[in-house]
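To keep things clear, I will list the structure first and then write my remarks on it.
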Amino acid sequence: MKRLSIIIPTYNMEELLPSCLDSLVSSPAASELDVVVVNDGSKDLSLAVAQRYAEQYPHCVRVIDKENGNYGSTINAALPTLQGEYVKILDADDTFDSSALSPFVEYLSQISGADMVVAPFIEIDRRGEHKVSYNLYSGKAYGLGVPYEAEQVFKDRAIRFFMMHSVAYRTSLLQNMGYRQSEGISYTDQEWCFYPIFRVEKIAFSDIALYRYNLTREGQTMDLSVQLRSVGQLKKVVVEMAKYLDNNLELLSVARYNFLSGVVMRRIESVLRKCLLEMDDRQFIESNFVEMLETFTRLAPRQLTVPVNGMLKIDLLKKWRKGGSRYSRTIRQLLITADRFMQRVYNLIYK
């Protein structure tokens, strides 16, 4: 068995896929990797690029070619075929740090019994690059190399959420629980850090920054303009998460429920914030906000509020509930400016 499987969802990435794959096959740890490129019906030469690497590096690169079904379908296609003890996702427009791969694979060989491995990653934007650590979201850093009981981690409430770029799972955990991501829509990477948490028993932490997350590509799903056009897809993902939480309460301790319900609440707040604060008037009308709010109010684990951010506690939803309208365009712009300023200050202090 290989040590680490890497799923690379690929759609029209012929220009960036070589850099992604080079960051893997150039590592001394390549023989321990099971790299699965899943071509999701690309219309460019992505499939040809992937096949060329599979021919050149048959010991570590495989290709799955399938009809287009969006992000989640690529994960679902790859999972039953994986040959690695652990699995990570690597988007085709991102890379791994080649120099970090060998230490990370070695780390995986040394830990015992961890269902989930959490590591920092490098975030790259137009201002440069910075390290994002798991304890960025917490007031407590965990020790390295010794798996912690997941219940204790959740009980500590030091970590509020995980990100796709940070986590690897024991492959058998996902396969045994029948893990599947939603198909036909984007933003299902949120599910990668939600559904498996229902089953994780032990969590290990690493200080090896492996994933290099590229935020500079125009048109990617994390662009705010793309998110505003895709609020309906964001809503669908969160609705399914909320329903799953409600339908599986018997699996959860109080601590685990609090953690997962917090994730759901933050995702709901994020979608509503985009509508109430960042959408222009046309987008807001087209968002079917009233119906969306009714759905979220019914499914939310607790009472909804929509603060601008963690420090600026102005509740955007209170304004809507009081008068059935958003703040004026001028006030919204002031709040957006204040939010961005606070984010920059936070990044300077903590990143």
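The values are calculated or read from the model by the stated rules, or taken from the named source; none is laboratory data. A quick note: this is a predicted structure, and the numbers were derived from the prediction, not measured. Because the Cβ atoms are built from the backbone with ideal geometry, glycine has one as well, and the counts that use them run over all protein chains shown.
Observations on the model:
- Check on residue 182, under 24 Å from residue 266 (Cβ atoms), in contact with a Lys or Arg (Cβ under 8 Å, 6 or more places away or on another chain) and either modelled with pLDDT of 95 or more or assigned by TED's automatic domain parsing to the domain that holds residue 112 (or both): yes
- Residue match in segment 155-176 (condition: at pLDDT below 95, over 18 Å from residue 263 (Cβ atoms) and out of contact with any helix residue (DSSP H, G or I) (no Cβ under 6 Å at 6 or more places or on another chain)): no
- Residue 304 buried (at least 16 other Cβ atoms within 10 Å of the Cβ) and touching a Pro at 6+ places or on another chain (Cβ under 9 Å): no
- Selection within segment 137-196 - among the aliphatic types (A, V, I, L, M) and buried (at least 17 other Cβ atoms within 10 Å of the Cβ): 150, 153, 159, 163, 164, 167, 168, 173, 174, 185
- Listed by position, the helices (runs of 4 or more DSSP H) enclosed by segment 1-87 that each have at least 1 residues that are in contact (Cβ under 8 Å) with a residue 60 or more places away in the chain are 17-25, 71-78.
- Residue in segment 101-121 that is in contact (Cβ under 8 Å) with a residue 40 or more places away in the chain, of a type in the set (Val, Ile, Thr) and part of a helix (DSSP H, G or I) present: yes
- Selection over segment 309-331 of residues that are more than 17 Å from residue 292 (Cα to Cα), at pLDDT 90 or above and assigned to a loop (DSSP other than H, G, I, E, B) gives a count of 3.
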